[in-house]
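The values are calculated or read from the model by the stated rules, or taken from the named source; none is laboratory data. Computed from a predicted model, the values in this text were never measured in an experiment. Cβ sites come from the backbone with ideal geometry, for glycine too, and all protein chains shown count toward neighbours. Surface areas here come from the heavy atoms of the whole protein model, side chains and all, with no ligands, DNA or RNA. Shrake-Rupley method; radii C 1.70, N 1.55, O 1.52, S 1.80 Å.
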Amino acid sequence: MSNCAIVGINWGDEGKGRMVDLLTEDYDIVVRCQGGGNAGHTVINEFGKFALHLLPSGILRSGVVNILGNGVALDPENLLAEMEAVRAKGVEITPENLKISDRASLLLPWHRDLDALEEQRLGDKKYGSTKQGIAPFYSDKYQKKTILAGELFYPQELRSHLEDLLEWKDLTLTRVYGSRAYTADDLEAWLGKYGEAVKPFVCDTGAYLREAQERGKNVLFEAQLGALRDLDFGIYPYTTSSNTLAAYAPIGSGLPSLKLTEIIGVVKAYSTCVGEGPFVGELSGPEADKLREAGAEYGAKTGRPRRVAPLDLVATRYGVELQGATKIALTKLDVLGYMEKIPVCVKYRIGDKVTDRFPFPTELEKAEPVLEYLEGWGCDLSSVRRWEDLPKAAQDYVNFIEAALRCPIPYVSGGPERESIILR
Ligand code: GDP
């Protein structure tokens, strides 16, 4: 059996979706292991353009079985809307090609309420949440106060579990935030509508994966966001609330003893970041606008303009180490075609120190970029399919990054389409 994780090396939006879409050809099963519908993977193929939020990107390939593992934040309401949108473009989704772990916790309507209420309370100090309820969801999961998808099969016990949770959660909603309380009837109506609709997809995906492993099936693990958003090792507290690292994939998928054979880290040819938090080398004004427009850098989930910066090799090397990447896919090289000189952040200056090590989050706030400039290539790369056909300056840019990251870059993409990929 071969298995591979596709992970983000930076702040997310690196182009993981297109890499999963490309590589699913060689895999039987694609698993989402963490996170929820708070990010978006954009995939462009023969069916059209898709912004997938919770569905694994393998859903767009026929014959691939897709799994939402125990580690995901299962938001049935959003998942069903996403399934409808994908089906409307001619993609079939059935319990044969989509399976949901019975151990995945349900993201309930109050999680979204609490996310918005807390951001509002924080005012100027907000985290920049997508308000999809992810932080309140994971807090509740670790407090052991969520409903597991498998409980949908035990209505009597579920009712009593819900009542216990309701009593507790209503205290927070009304007494901490002065918001409205939920009733058991509200929740039963919600579960009747959305829980019942996802129930046919819910099964013991851990057992399914173990069996698939015995039959030698190839499994691809699809992570959400990137290493710098990892709860334990990222730019805390501007991280997400789950572990975005490859090391978590075996746990979040339901194969805890698995050893990954391949870890493909996706890196964008420049840096982008959505939301708040330190972002070294951030560009502003017309320079930022030009890069943002060239790369169409607007959030797939929220449409928010992404913050942009030169490629940050300090953060990227840290991301490669955290992910344990065995290979790199470098995306969006075409976007830099308009630049005469391409800035790259090679070190940080923090006070009177210069360092190439990624610092503790509090230090990061004070870091200034040390830039080097590489030659631009000044032309359109979107039709280039072979390494030999890339202009020398573009090859030099890729080689420079490869040497700095000390990790091979066998994939370079020069356009969003499935075929716009250069294999080295
Ligand atoms: P993900 O969450 O990591 O999958 O990344 P997103 O889907 O949010 O962002 C990547 C965006 O870049 C999507 O709109 C892709 O279609 C697009 N994209 C991916 N690779 C390339 C590329 O090589 N060139 C260009 N121009 N766009 C790309």
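Protection proxy ranking, highest mean first, for peptides 59-71, 374-386: 59-71, 374-386, where packing is the per-residue count of other beta-carbon atoms within 10 Å, averaged. If you run the Gaussian network model on the chain, springs between alpha carbon atoms under 10 Å, then out of Asp170, Asp352, Asp396 the most flexible one is Asp352.
Each other residue within a Cβ distance under 11 Å of Val65 adds +1 if Lys or Arg and -1 if Asp or Glu, for a net charge of +1. Straightening the chain between Glu92 and Ser160 buys 20.9 nm, computed as 0.36 nm per residue apart minus the Cα-Cα spacing. Given springs between every Cα pair under 10 Å in a Gaussian network model of the chain, which of Phe358, Phe47, Phe221 has the largest fluctuation? Checking each option, the largest mean-square fluctuation is seen for Phe47. The residue list Ile93, Gly69, Ala223 was ranked by how far each Cα lies along the charge dipole of the chain toward its positive end, using unit charges on Cβ atoms, and Ala223 comes out on top. What the chain shows is 42 Å² of accessible area per residue, with the surface traced by a 1.4 Å probe over protein heavy atoms. Over the Cα atoms of the chain, the radius of gyration divided by the Kirkwood radius equals 0.98; this is the Rg/Rh ratio.
With a threshold of 29 Å on the Cα-Cα distance, the over-threshold entries among Lys126/Lys290; Lys16/Lys347; Lys49/Lys141 are Lys49/Lys141.
For the stretch 326-388 and the stretch 1-78, compute the distance between their C-alpha centroids and round to whole Å. Between the Cα centre of the stretch 326-388 and that of the stretch 1-78, the gap is 26 Å.
GNM on the chain, alpha-carbon springs under 10 angstrom: the most fluctuating residue among Glu363, Glu14, Glu222 is Glu363. Converting the Cα gyration tensor eigenvalues of the stretch 300-424 into ellipsoid dimensions via √(5λ) gives semi-axes, longest first, of 27, 16, 16 Å.
Counting protein heavy atoms only, the chain has 50 percent of its accessible area on carbon and sulfur, 1.4 angstrom probe. Of the trypsin sites (Lys or Arg not before Pro) found in the stretch 211-253, those in coil by DSSP whose Cβ has at most 12 other Cβ atoms within 10 Å are Arg215. The HN-Hα couplings worked out from phi for the stretch 221-227 by the Karplus form 6.51 cos²θ - 1.76 cosθ + 1.60 (θ = phi - 60°) are 9, 10, 8, 10, 6, x, 4 Hz, whole numbers, x standing for Gly and Pro.
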